[in-house]
Amino acid sequence: GYDVHLVDSVPKHIEQARSHARQHAIASMRVGDARHLEQHDGSADAVLMLGPLYHLTDPAERNRSLHEARRVLRPGGILFAAAISHFASLFDSLQSGFFDDPEFIPILERDLAEGQHRNTTNNPIFFTTAFFHRPEELAAEVAEAGFQVLELLPIEGPGWFARDFDRVWKDQAQRERLLECIRRVEHEPALLGASAHLMAIARK
């Protein structure tokens, strides 16, 4: 297996991880900044970026975090970088029923126009400050940092469209058929934007 080192900018998250350390063997856990990692050059086989590319709203800061990920990777190391889809707010608001909330409408309009999500209401249901990528923007940012982009994948496949998903998932035959459908289109670029989250896989 691999030695896993956890870096998070939120102290509470590190505390929560430590409280579960007995169930999940993690070599080290520390509060840190994706833009200034303490790890040595070429010390990692893989880097999982689960947060920096959407919580850093300035493209220069996202670029810095990607360069740091590249620095700590060994030659040929793999990056897994998560992003939130440009259309995530639209999907969430339609599914949750607040798409016509007068407080949310201007938030959504800015999301769709700029990808810059700003919750000016302090209502936690509307998420926090973030940047939402189009698939092509994510690929371009990763490539600009010097990576070879291997693949973009949707994190949420079309299975979430299934009526009564919980019932379908509990039925073994229906579950297998659903997974077959998802696998059939998981590499289809035209469907990437329909996922609320994206994953870029790239090589140093």
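The values are calculated or read from the model by the stated rules, or taken from the named source; none is laboratory data. What you are looking at is a predicted structure, and each value in this text was computed from that prediction instead of being measured. Note that each Cβ is placed from the backbone with ideal geometry, even for glycine, and that neighbours are counted across all protein chains shown.
Brief remarks follow.
- Wholly enclosed strands (runs of 3 or more DSSP E) of region 9-98 bearing at least 2 residues touching a Pro at 6+ places or on another chain (Cβ under 9 Å) and at pLDDT 95 or above: 73-84
- Condition met for residue 87 (hydrophobic (A, V, I, L, M, F, W, C) and within 15 Å of the chain's Cα centre (by Cα)): yes
- Extreme residue, farthest from residue 52 (Cα to Cα), among residues of region 1-34 that are of a type in the set (D, E, K, R) and out of contact with any Asp or Glu (no Cβ under 8 Å at 6 or more places or on another chain): 22
- The residues of region 25-68 that are of a type in the set (Gly, Ala, Ser) and under 19 Å from residue 133 (Cα atoms), listed by number, are 34, 51, 60, 65.
- Failed item, numbered, when residue 68 is tested on (1) over 18 Å from residue 204 (Cα atoms); (2) of a type in the set (Asp, Glu); (3) surrounded by 13 or more Cβ atoms within 10 Å (Cβ to Cβ): (1)
- Some residue of region 113-129 being without any contact (Cβ under 8 Å) to a residue 40 or more places away in the chain, touching a strand residue (DSSP E or B) at 6+ places or on another chain (Cβ under 9 Å), surrounded by 12 or more Cβ atoms within 10 Å (Cβ to Cβ) and under 28 Å from residue 78 (Cα atoms): yes
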